[in-house]
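Data first, discussion second: the structure below is written as structure tokens.
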Amino acid sequence: MRIAFVRLAAAPLLLAGCGGHAAAESPARAPTPALSPSSSASSPARSSPSPTSLVPSGLESIASAQAQNLDGGDGPVEGADVSWPQCPKGMGIPQKRSKGLAMPLPTARFVVLGLTNSPGFTANPCLASQVQWVAQRHLLAAAYSVVSYPDEATLTREGGAGPYDGDTPLGMLGNVGYAQARFNVATMKGAGLRAPVVWVDVEPVNDFAWSADPKANAAVVRGAVRGYQAAGYRVGVYSTQHLWQEVVGDLRLELPEWRAAGMTSRAEALRRCGVERMFQGGSAVMSQWVDGSAETGRDRIVTCPDGVSRLGDWFHQY
């Protein structure tokens, strides 16, 4: 994903769940109910490496190299993120057609794979191929998803069922966020993507604007976090101080943070790991910068010096 440094619309531009958008009246707001996410579930169990005696000749060095990949080492590790923009040109919903952008550089040790075609309830149209690309190179993998605000039809369809009170406006929005997460978990499983962590991307989405009410937006985000946790994933959040405040106000989830430095440099991305860049009370795990132009550049990532001691805690080894 790439942070979009734009202002939110003064009034809601509401999302259509399967693409498209239409202006509609925002649902009436009520005082924020208790929308406490459940405690984080443990990561899915990983298979243990085979005993040396069962490893065919010539594969022992590969097993050793993979074990070393799971060690954070002595310094920051570089990776990248990809999603629908890297799919072959012309795929996806009309508002977010894929661009055929370049895949990560050979220096990348991990890839964070996007699950959506930007807004919620839309799947990355070539996720399975991207998972295969990662697996063929024996890279580490994690997942991220954009979370977005629903239109009236989506709110009606998804808001009544879930862990929150579907008779209240904020409860309905929480259920929509929860349903977005469940949709994306199904997308992951269908594509064969294994990952211990899902990063929730909170930023303005061009053509699918958030509401002007931070409490309403926060209800959707809380719901998405809870949905991933209920499915057994660890959860982190991706944003910046400015965009987080603009979308969800002073919401504090105290989850791990993936921070963004925009079109700057690796050095600036590492500076964003500092505590002064905290945006919701969590520690920095990694930071992203754009290498190249806004249209064709690569999204590159570097782990934060104090954020990752063991890569296997944050990525699945393919």
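The values are calculated or read from the model by the stated rules, or taken from the named source; none is laboratory data. All values reported here derive from a predicted model rather than from experimental measurement. Cβ sites come from the backbone with ideal geometry, for glycine too, and all protein chains shown count toward neighbours.
Mind counting the residues in the stretch 232-248 that are surrounded by fewer than 18 Cβ atoms within 10 Å (Cβ to Cβ) and within 26 Å of residue 189 (Cβ to Cβ)?
1
Please specify each residue of the stretch 66-99 satisfying the condition of being at pLDDT 95 or above, in a loop (DSSP other than H, G, I, E, B) and closer than 21 Å to residue 193 by Cα.
Those that are at pLDDT 95 or above, in a loop (DSSP other than H, G, I, E, B) and closer than 21 Å to residue 193 by Cα: 83, 87, 88, 91, 92, 98.
Restrict the check to the stretch 249-269 and report whether at least one residue is out of contact with any strand residue (DSSP E or B) (no Cβ under 9 Å at 6 or more places or on another chain), among the basic types (Lys, Arg) and either under 23 Å from residue 101 (Cβ atoms) or without any contact (Cβ under 8 Å) to a residue 60 or more places away in the chain (or both).
Checking the stretch 249-269: at least one residue is out of contact with any strand residue (DSSP E or B) (no Cβ under 9 Å at 6 or more places or on another chain), among the basic types (Lys, Arg) and either under 23 Å from residue 101 (Cβ atoms) or without any contact (Cβ under 8 Å) to a residue 60 or more places away in the chain (or both).
Restricting to the stretch 109-134, name every residue that is of a type in the set (Val, Ile, Thr) and in contact (Cβ under 8 Å) with a residue 60 or more places away in the chain.
Across the stretch 109-134, the qualifying residues are 112, 116, 122, 131, 134.
Rundown of residues vs (1) in a strand (DSSP E or B); (2) farther than 24 Å from residue 185 by Cα, yes/no style:
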position: 222; (1), (2): no, no
position: 250; (1), (2): no, yes
position: 259; (1), (2): yes, no
position: 263; (1), (2): no, yes
position: 306; (1), (2): no, yes
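Can you give me the number of residues within the stretch 265-318 that are of a type outside the set (A, V, I, L, M, F, W, C), modelled with pLDDT of 95 or more and more than 20 Å from the chain's Cα centre (by Cα)?
So the answer is 6.
Pairs, please: C-beta under 7 Å, at least 6 apart or cross-chain, first residue under 15 Å from residue 133 (Cα atoms) and in the stretch 97-108, second basic (Lys, Arg) and surrounded by 18 or more Cβ atoms within 10 Å (Cβ to Cβ)?
102/298; 104/298; 105/298
Taking the conditions exactly as written (out of contact with any strand residue (DSSP E or B) (no Cβ under 7 Å at 6 or more places or on another chain), among the hydrophobic types (A, V, I, L, M, F, W, C) and outside any helix (DSSP H, G or I)), does residue 161 satisfy them or not?
yes
Limited to the stretch 143-157, what total is found for residues that are farther than 21 Å from residue 113 by Cα and aromatic (Phe, Trp, Tyr)?
1
Quick check on residue 200: is it under 14 Å from the mean Cα position of the chain (by Cα), surrounded by 24 or more Cβ atoms within 10 Å (Cβ to Cβ) and not in a helix (DSSP H, G or I)?
yes
Name the residues in the stretch 106-120 that are over 20 Å from residue 289 (Cα atoms) and either of a type in the set (Val, Ile, Thr) or out of contact with any strand residue (DSSP E or B) (no Cβ under 9 Å at 6 or more places or on another chain) (or both), would you?
116
I'm trying to understand the selection: among the residues of the stretch 182-204, which are in contact with a strand residue (DSSP E or B) (Cβ under 7 Å, 6 or more places away or on another chain), over 20 Å from residue 255 (Cβ atoms) and not hydroxyl-bearing (Ser, Thr, Tyr)?
Result: 193, 194.
Restricted to the stretch 161-183, and to residues that are touching a helix residue (DSSP H, G or I) at 6+ places or on another chain (Cβ under 9 Å) and free of Cβ contacts under 8 Å to residues at least 40 places away in the same chain, which residue is surrounded by the fewest Cβ atoms within 10 Å (Cβ to Cβ)?
161
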